[in-house]
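Working notes for the structure below.
Bear in mind that the values in this text are calculations on the coordinates, not laboratory data. None of these values were measured; they are calculated from a predicted model. Cβ: placed from backbone, ideal geometry, glycine included. Neighbour counts: every protein chain shown.
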Amino acid sequence: MEQLRLLILPTRSATRLIARSPSGATLLKASLPSEPWHSQALPRFLEGLGSFAPLHAALVVPAREPSFATSLYPGWFTDVGGVNYDLQVIGSRRRDLLEWWGRRP
C-alpha cells in the first residue's frame, strides 16, 4: 500500500491540510479552523487517516508566527507519531517543503 504524505499548514485564519500519494497526486485538500476544539483533535485525525494507508505527516512551523503551530497542536514536541502515522516538524521555507515532499529544490 502506498504511503500518504500529509502537510499541515497552520495560519492565523485556518489550518490547511494537503495529502499526496507518492506519485504526487493530490488526494485531499481541506481547510480547518485555526484552533481545534480539543487538544487531541489533530492526533486523532492522523490516527484515523493512517488507518486507511500508511501516513507520513509534517507540521509546518511558520517562521514569522510559530505560535500558530503550537496553538494547533500543543503536544507536537512530544509526538513523533502513533500506531498509524509518523509526524515530523519542518520549517516553512520553500526548500524545507520541497525536500519533505521528496523533490529537490
- Item | For segment 82-96, 3J(HN,Hα) per residue [Karplus equation, 6.51 cos²θ - 1.76 cosθ + 1.60, θ = phi - 60°, Hz, x = Gly/Pro] | x, 4, 10, 7, 10, 10, 10, 9, 10, x, 9, 5, 3, 4, 4
- Note on the structure: With label points set 7 Å from each Cα along the Cα-to-Cβ direction at T26 and Q88, the distance between them in nm comes to 2.2 nm
